[in-house]
């Protein structure tokens, strides 16, 4: 405490500057008054808690909170994130029908396009506002900004329950994801090589319309991320292509390298543009494995994927953004190489696949920020006390610095809004670090 503070205390005790009249105190009374003064003027309210200023100078906003964690430092309380709030849960939070939720709900968007003729500008504006309202209502700190719709399909019709024809291709809405059910059954590696080496894909600037809207409204208040990956995400998103690539790694490595190079070039363009638009981080959604382990050996990862991942991390970090890797599955065996590639944060830590937050924290907690790993099964089927115990586990294992609480992997197929909201509310109360 500064000498000026002590002088103010003594002046307050001796004189009637606050119109309290002269103060007569015993020794212990004086000590108690000094303590009360220090406590009053050197503590701050954060939520429902009074926190000693030795822990934090001020209450942080959402952006500051997440940045602190990304920097492996200690924020005022644990930051909160959810990368995919499913429409069923969003509808409960916003008190709207599921059919009117637009984010992560292309079926609703297609219906609007067909029946209402709503403009793309309005659709993208509504999605931005929906994302913002969800995060304001729940108290989540980090917004994963979705890509905007850039054009109306020339052909758009519903042919079956949850099955749509979009520009001649059939797509099925299943598991709260849109799947291309007309994906080719087989791929020719020579055709892939020729296409990748002779083609370029220009980034459509309209994909950033939702991001632009949020940057204008809440830049510096909420932490904003945008998706971009070419190392593996575009491959794993197409199941038939994935099967071929896993074989080509042994039989046609030239095709795999050409495909990844093509995808990475596009991802770099998207990521750099998003950063210029105001994104704080680039999230690379990769899904490098499943419950049994990675799709490939560590040797194959180092040969094909690690160089691409490192290139993305280096590029995005040079532009001033954080790099976040999201992966489902048990990726323990390749995690050393993933960390070495330069990621700032790892989201997922898939508890359903056997990943241990405690183990990952012990091994890499001084190098990267960890984001996870509340069990989505407990969020869906657990009792309230189970949810609270699970949050306590994650707070304990995640530690005071470099940790952001979220569901493990994501809750894209969950429907239990009550448990999801309980997770958030309980984490906000129990995750104030000065109280732990």
field: Any strands (runs of 3 or more DSSP E) falling wholly within segment 118-167 and containing at least 2 residues that are assigned by TED's automatic domain parsing to the domain that holds residue 226, more than 30 Å from residue 75 (Cβ to Cβ) and touching a helix residue (DSSP H, G or I) at 6+ places or on another chain (Cβ under 8 Å)
entry: 156-160, 163-166
- request: Taking residue 396 as meeting all but one of (1) under 17 Å from residue 69 (Cα atoms); (2) in a helix (DSSP H, G or I); (3) in contact with a helix residue (DSSP H, G or I) (Cβ under 8 Å, 6 or more places away or on another chain), write down the number of the exception.
  value: (3)
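Please find, among 191, 201, the residue that is within 30 Å of residue 251 (Cβ to Cβ) and in contact with a helix residue (DSSP H, G or I) (Cβ under 6 Å, 6 or more places away or on another chain).
Working: 191 fails: in contact with a helix residue (DSSP H, G or I) (Cβ under 6 Å, 6 or more places away or on another chain).
The conditions single out 201.
Filter segment 236-272 for residues that are outside any helix (DSSP H, G or I) and either farther than 17 Å from residue 186 by Cβ or out of contact with any strand residue (DSSP E or B) (no Cβ under 9 Å at 6 or more places or on another chain) (or both) and give the result.
First, the residues of segment 236-272 that are outside any helix (DSSP H, G or I): 237-238, 252.
Result: 237, 252.
May I ask you to verify whether residue 178 is assigned by TED's automatic domain parsing to the domain that holds residue 415, more than 18 Å from the chain's Cα centre (by Cα), assigned to a strand (DSSP E or B) and within 29 Å of residue 404 (Cβ to Cβ)? Working first, answer last.
Working: assigned by TED's automatic domain parsing to the domain that holds residue 415: yes; more than 18 Å from the chain's Cα centre (by Cα): yes; assigned to a strand (DSSP E or B): yes; within 29 Å of residue 404 (Cβ to Cβ): yes.
Yes; evaluated as a whole, the condition is true for this residue.
Within segment 345-359, which residues are in a helix (DSSP H, G or I) and within 19 Å of the chain's Cα centre (by Cα)? Walk me through how you get there before you give the answer.
We begin by selecting, within segment 345-359, every residue in a helix (DSSP H, G or I); these are 351-353, 357-359.
Within segment 345-359, 351, 352, 357 meet the criteria.
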Test set (1) farther than 15 Å from residue 128 by Cβ; (2) not in a helix (DSSP H, G or I) - residue 226 fails condition number: (1)
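Of the residues 287, 328, which single one is modelled with pLDDT of 95 or more, touching a strand residue (DSSP E or B) at 6+ places or on another chain (Cβ under 9 Å), on the phi > 0 side of the Ramachandran plot and outside any strand (DSSP E or B)?
Values: 328 fails: on the phi > 0 side of the Ramachandran plot.
After applying the criteria, what remains is 287.
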- request: Read through the list (1) under 19 Å from the mean Cα position of the chain (by Cα); (2) at pLDDT 95 or above; (3) farther than 28 Å from residue 313 by Cα; (4) surrounded by fewer than 19 Cβ atoms within 10 Å (Cβ to Cβ), then give the number of the only condition that residue 367 fails.
  value: (3)
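This table checks each residue for (1) crowded, with 16+ Cβ neighbours inside 10 Å; (2) assigned to a helix (DSSP H, G or I); (3) at pLDDT below 95.
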| position | (1), (2), (3) |
| --- | --- |
| 339 | yes, yes, no |
| 343 | yes, no, no |
| 361 | yes, yes, no |
| 385 | no, yes, no |
| 391 | yes, yes, no |
| 410 | yes, no, yes |
| 422 | yes, yes, no |
| 427 | yes, yes, no |
| 434 | yes, yes, yes |
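The values are calculated or read from the model by the stated rules, or taken from the named source; none is laboratory data. No experiment lies behind these values; they were computed from the predicted model shown. Cβ sites come from the backbone with ideal geometry, for glycine too, and all protein chains shown count toward neighbours.
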